[in-house]
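To start, the structure under review is shown below, and the notes come after it.
The values are calculated or read from the model by the stated rules, or taken from the named source; none is laboratory data. Since this is a predicted model, take the numbers as computed values, not measurements. Neighbour counts are summed over all protein chains in view; Cβ atoms, including those assigned to glycine, are modelled from backbone coordinates with ideal geometry.
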Amino acid sequence: MFKALVVEKDEDGKTHADVQDLDEARLPEAEVTVAVEYSTLNYKDGLCIGPGGGLVRHYPHVPGIDFAGTVEASSDDRYKPGDKVVLTGWRVGEAHWGGYAQKARVKADWLVPLPDGLTTRQAMAVGTAGFTAMLAVMALEDHGLKLGDGPVLVTGAAGGVGSVATAILAKLGHEVAAVTGRPETADYLRDLGAAQIVPREDLTEVTRKPLESETWAGCVDSVAGAMLGRVLKQMKYRSSVAAVGLAGGAAIEGALITPFILRGVNLLGIDSVLRPYGDRVRAWNRLAADLPMDKLEAMVQPATLADLPSLGADILKGRVKGRVVVDVN
Ligand code: NDP
C-alpha cells in the first residue's frame, strides 16, 4: 500500500481531492517503478488537482506533473534499483498518474538520471518550472544573448518559472529586471539577484504604438497577454523573447509585426513537455552548475500531500511565491 493524493469526479461533474491509501496493483503498467521522495506544484497541477482544465482524461486521477525519487524496480536496462531519477513532462500527472504519491510507475523513456550534485529535494525545488526556466535561458543564449548586452527582463518574476529564471540569469552575470504584480516580493526578488523591479502595471496597458524605445536584451516571459504585446515592442535590435507561459492570457494583445521586421526580434517558443532526452540532460546539468543552491533554498515553501488541495487553488490565483516542494512521505 502507498499514500497518494487522489482526485475523484462526482456524478454532478465536481472534482474533489484527498489523500488515500492505494494498493500497488492499481499503478499503471510501465517499465520503471519509482519510490517517490519529492514532487512540487506547478500551474498545471493546480488545474489537475481542481477542475481538470481539460488535461485529465480519466478519474480517479493521481496528479503531480513532476517527481524525483529512487528506482525500486525496472524491466528496462537503463535503470536499476537504487538509481536516483527525475521526471518532468510527458503528460505525467495529466493523462497518466503522477508524482503526488509515494510510488509511481512510468516509461523508462520519460526519466532522466538525477545529475551529480543535486539531491532529489533540490531537483523538485527546481521542478518543471525551474527546468523550463533553464530551457528558456539556454534558448536565449543559443540565439545570441551575451553578457553585457543589457538588462534581461523576467515577467511573472515571483512565480516558479520567474524566480528560477531570475536566479540563473543573475548568477550568470546578467542584469535582471524582474516584473511583478506583487510589490511585497521586491526584497525576495532582489535577494534572488534582480537589479531592477518593474511594476506589472508598467507593462499591461495595450497600446497601438508600432515600437517603443529599445530596452531589453532578452526576456523570459511566463505571462503573455498584454504584457508580451508591450515587451516585444521594447526589445533591442535582434534580441529574443523566450515565451514560456500564459499566466496573463493566451493571446498576445496589441502585438504588431513591427518588432519582428524592423528590429529582427525573435519570439522563441519553449516547450518542456516533449523535449528530447539530450536537451533534458543538458538542461539538468546546467541547472546543477548554474543555479545557486542557496538562492534555490530561499525560494522553497515545504508542503505535504494533504496541503495540496488548498495550494492548488492558490497557484491558480497567482498567490504562490517561488517553489513549493512536496515531501510525499
Ligand atoms: P506561477 O503561478 O508560479 O507564476 C506565474 C506568475 O505570473 C505569478 O506568480 C505572477 O507573478 C504572474 N501572473 C499571474 N497572473 C498574472 C496576470 N494576470 N498578469 C500578469 N502576471 C500574472 O506559475 P509557473 O511559474 O509555474 O508557470 C508560469 C507559466 O508558465 C504558466 O502559464 C505555466 O502554465 C507555464 N509553464 C509552461 C511550461 C512549458 O513547458 N512551456 C512549463 C512550466 C510552466 P508576479 O506575482 O510576480 O506578478
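Some values worked out for this structure:
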{"read-out": "Total residues in segment 104-145, condition within 16 Å of the ligand (Cβ to nearest atom), outside any helix (DSSP H, G or I) and either farther than 12 Å from Leu87 by Cα or small (Gly, Ala, Ser) (or both)", "value": "0"}
{"read-out": "Segment 169-188, residues that are more than 10 Å from the ligand (Cβ to nearest atom) and either part of a loop (DSSP other than H, G, I, E, B) or farther than 14 Å from Thr155 by Cα (or both)", "value": "Ala170, Lys171, Leu172, Gly173, His174, Glu175, Asp187"}
{"read-out": "Cβ-Cβ under 6 Å pairs, at least 6 apart or on other chains, segment 67-92 side assigned by TED's automatic domain parsing to the domain that holds Ala133, far side not in a strand (DSSP E or B)", "value": "none"}
{"read-out": "Residue check for Arg105: surrounded by fewer than 24 Cβ atoms within 10 Å (Cβ to Cβ), modelled with pLDDT under 95, over 20 Å from the mean Cα position of the chain (by Cα) and at negative phi", "value": "no"}
{"read-out": "Residue that is farthest from the ligand (Cβ to nearest atom) [pool: residues in segment 250-294 that are touching an Asp or Glu at 6+ places or on another chain (Cβ under 8 Å) and not assigned by TED's automatic domain parsing to the domain that holds Thr180]", "value": "Ala288"}
{"read-out": "Qualifying residue in segment 66-81 (condition: at pLDDT 95 or above, buried (at least 16 other Cβ atoms within 10 Å of the Cβ) and of a type in the set (Lys, Arg))", "value": "no"}
{"read-out": "Residues (under 21 Å from Val106 (Cβ atoms) and surrounded by fewer than 16 Cβ atoms within 10 Å (Cβ to Cβ)) located in segment 1-20", "value": "Met1"}
{"read-out": "Cross-chain or 6+ apart pairs with Cβ under 9 Å, segment 307-326 first and more than 19 Å from Thr185 (Cα to Cα) and more than 11 Å from the ligand (Cβ to nearest atom), then among the acidic types (Asp, Glu) and not in a helix (DSSP H, G or I)", "value": "Pro309/Asp18"}
{"read-out": "Residue ID - surrounded by the fewest Cβ atoms within 10 Å (Cβ to Cβ), chosen from residues in segment 219-244 that are assigned to a loop (DSSP other than H, G, I, E, B) and within 14 Å of the ligand (Cβ to nearest atom)", "value": "Ala224"}
{"read-out": "Among residues of segment 35-59, those that are within 13 Å of the ligand (Cβ to nearest atom) and charged (D, E, K, R), counted", "value": "2"}
{"read-out": "Evaluation of Ala247 against (1) in contact with a Cys (Cβ under 7 Å, 6 or more places away or on another chain); (2) near the ligand (Cβ under 9 Å from one of its atoms) (one fails), failing number", "value": "(1)"}
{"read-out": "Single match in Val71, Val32, Val62 (criterion: more than 14 Å from the chain's Cα centre (by Cα), more than 15 Å from the ligand (Cβ to nearest atom) and within 18 Å of Gly127 (Cβ to Cβ))", "value": "Val62"}
{"read-out": "Selection status of Ile197, out of contact with any Cys (no Cβ under 9 Å at 6 or more places or on another chain), within 16 Å of the ligand (Cβ to nearest atom), closer than 19 Å to Ala170 by Cβ and not charged (D, E, K, R)", "value": "yes"}
{"read-out": "Residues being touching a helix residue (DSSP H, G or I) at 6+ places or on another chain (Cβ under 9 Å) and part of a loop (DSSP other than H, G, I, E, B) - total across segment 276-307", "value": "2"}
{"read-out": "Filter result (of a type in the set (Gly, Ala, Ser), more than 14 Å from Leu111 (Cβ to Cβ) and in a loop (DSSP other than H, G, I, E, B)) within segment 42-81", "value": "Gly50, Gly52, Gly53, Gly54, Gly64"}
{"read-out": "Qualifying residue in segment 215-225 (condition: touching a helix residue (DSSP H, G or I) at 6+ places or on another chain (Cβ under 8 Å) and farther than 29 Å from Val273 by Cα)", "value": "no"}
{"read-out": "Qualifying residue in segment 207-218 (condition: within 14 Å of the ligand (Cβ to nearest atom), surrounded by 13 or more Cβ atoms within 10 Å (Cβ to Cβ) and touching a residue at least 12 places away in the same chain (Cβ under 8 Å))", "value": "no"}
